[in-house]
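A.B. asks: Please read through the structure below; I'll follow up with questions.
The values are calculated or read from the model by the stated rules, or taken from the named source; none is laboratory data. These numbers come from a predicted model, not from an experiment. Here the Cβ is made from the backbone with ideal geometry for all residues, glycine too, and neighbour counts use every protein chain on show.
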Amino acid sequence: MKRGVRFYSAAALFAAAIGVGPSWIAGTQASAPAPSHVGAPPADLPVEAIKIPSASGSRLSAWFIPGAPHGGAVLLMHGVGANRLQMLDRARLFHREGFAVLLFDFQAEGESPGAAITFGHLEAKDARAAFDELRRRAGGERVAVLGESLGGAAAVLADPPLEADAMVLEAVYASFDTAVENRIAMNIGPAAALAPLIAPLLTWQVRPRLGFGTDALRPAARVADLHMPLLIIGGDADRHATLAETKLIYANANAPKELWIVPGARHQDFYRFAGGTYERRVLEFLKPKLRD
């Protein structure tokens with residue numbers, strides 16, 4: 001046992017000695033803005049292109065799609081490093097079903113300006129701005145929020161909590177610290193046991209780089225602040241937001257709540273992976289909450 005302790009201690013010191021420079025570079029790459037060209041709205045949808053001022057400091061590029069009267073409304077929020085095109089298939093689904101839809105680019109991603117990706121911190125302010133905009137435009141409709149990965153984390157981390165009538169959370173990390181450990185473990189293979197020792201080389205950077213600590217990025221704790229029906233979705237083969245993390249978020253959530261574990265799904269688009277089953281599960285959850 002003592003030999004093992006000495007080995008891991010030595011490994012941690014070695015990693016610290018040689019890893020600060022590379023880890024800083026890795027942190028720079030991870031938090032760097034991810035601008036991308038989204039292009040013109042799709043011709044098959046009645047899209048209104050809009051800009052939404054956010055307390056994050058950004059003006060969010062967004063598309064609003066009106067819905068049928070009393071059909072409900074859905075806010076769609078994409079994952080990290082992506083843009084609103086990631087949510088376009090879902091937008092088409094919900095439009096066909098009569099929902100009003102708002103999809104947008106988070107700050108520092110897509111066509112929304114920003115200095116750095118903040119893994120849910122500033123994105124939570126974007127979630128608030130977009131939610132308020134959809135509620136205003138939807139004119140009295142009940143509003144649901146659907147967030148994938150970063151989008152789900154932003155939905156949970158919004159402060160004060162979003163006053164949604166329902167929320168769908170897909171592949172959300174439990175805490176940023178755990179998320180970093182997961183990604184390190186995936187990349188160092190046989191040495192995965194060292195991930196908890198190496199992870200602080202990245203997580204310590206959050207405060208000096210972004211101005212807040214990792215304690216601000218704990219969706220599994222903050223989900224207890226939400227008081228609306230929740231559908232929590234995870235993949236049983238997801239190594240980024242693991243099955244254990246999904247179950248922890250579910251355990252900490254208030255009722256009413258539902259858990260759907262997608263067999264064979266990794267950290268990927270669950271709609272594309274599960275197809276008709278996804279449509280059925282999500283629509284069966286949302287329709288009773290958003291319509292009389």
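A.B. asks: Restricting attention to segment 173-190, does a residue exist that is under 30 Å from E279 (Cα atoms) and either in contact with a Cys (Cβ under 8 Å, 6 or more places away or on another chain) or of a type in the set (A, V, I, L, M) (or both)?
C.D. replies: yes
A.B. asks: Mind listing just one residue for me: the one in segment 68-78 that is touching a residue at least 60 places away in the same chain (Cβ under 8 Å) and more than 13 Å from S36 (Cβ to Cβ) and, of those, surrounded by the most Cβ atoms within 10 Å (Cβ to Cβ)?
C.D. replies: Out of the qualifying residues, it is V74.
A.B. asks: Moving on to the next point. Output the residues belonging to segment 65-92 that are under 15 Å from R137 (Cβ atoms) and touching a helix residue (DSSP H, G or I) at 6+ places or on another chain (Cβ under 6 Å).
C.D. replies: Of everything in segment 65-92, those that are under 15 Å from R137 (Cβ atoms) and touching a helix residue (DSSP H, G or I) at 6+ places or on another chain (Cβ under 6 Å) turn out to be I65, G72, A73, V74, L75, L76.
A.B. asks: Do you know which residues across segment 135-154 are closer than 19 Å to G98 by Cα and either among the aliphatic types (A, V, I, L, M) or in contact (Cβ under 8 Å) with a residue 24 or more places away in the chain (or both)?
C.D. replies: R135, R137, A138, E141, R142, V143, A144, V145, L146
A.B. asks: Another question, then. Any residue in segment 81-98 that's in the same structural domain as P113 (by TED's automatic domain parsing): show its pairings with residues that are charged (D, E, K, R) at Cβ separation under 6 Å, as long as the two are six or more apart or on different chains.
C.D. replies: Within 6 Å, the pairs are N83/D105; N83/E109; R84/D105.
A.B. asks: Another question, if that's okay. Which residue pairs have Cβ atoms under 7 Å apart, sit 6 or more places apart or on different chains, and have a first residue in segment 105-121 that is at positive phi and a second that is at pLDDT 95 or above and among the basic types (K, R)?
C.D. replies: Close Cβ pairs satisfying both conditions: G110/R84.
A.B. asks: Then there's this: For T277, state whether it is buried (at least 22 other Cβ atoms within 10 Å of the Cβ), in the same structural domain as L150 (by TED's automatic domain parsing) and out of contact with any helix residue (DSSP H, G or I) (no Cβ under 8 Å at 6 or more places or on another chain).
C.D. replies: no
A.B. asks: Continuing with the same structure: Could you grab me the full set of residues in segment 244-259 that are surrounded by 15 or more Cβ atoms within 10 Å (Cβ to Cβ) and aliphatic (A, V, I, L, M)?
C.D. replies: Listed by number, the residues that qualify are L248, I249, A253, L259.
A.B. asks: If I ask for residues that are closer than 20 Å to V80 by Cα, out of contact with any helix residue (DSSP H, G or I) (no Cβ under 6 Å at 6 or more places or on another chain) and not small (G, A, S), which ones from segment 171-203 would you list?
C.D. replies: Matches in segment 171-203: T178, N182, R183, M186, N187.
To keep it simple, each residue is scored yes or no on (1) at pLDDT 95 or above; (2) among the basic types (K, R); (3) more than 23 Å from M186 (Cβ to Cβ); (4) surrounded by 19 or more Cβ atoms within 10 Å (Cβ to Cβ).
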| position | (1), (2), (3), (4) |
| --- | --- |
| A199 | no, no, no, yes |
| V206 | no, no, no, yes |
| G211 | yes, no, yes, no |
| T214 | yes, no, no, yes |
| L217 | yes, no, no, yes |
| I232 | yes, no, no, yes |
| G235 | yes, no, no, yes |
| I261 | yes, no, no, no |
| F270 | yes, no, no, yes |
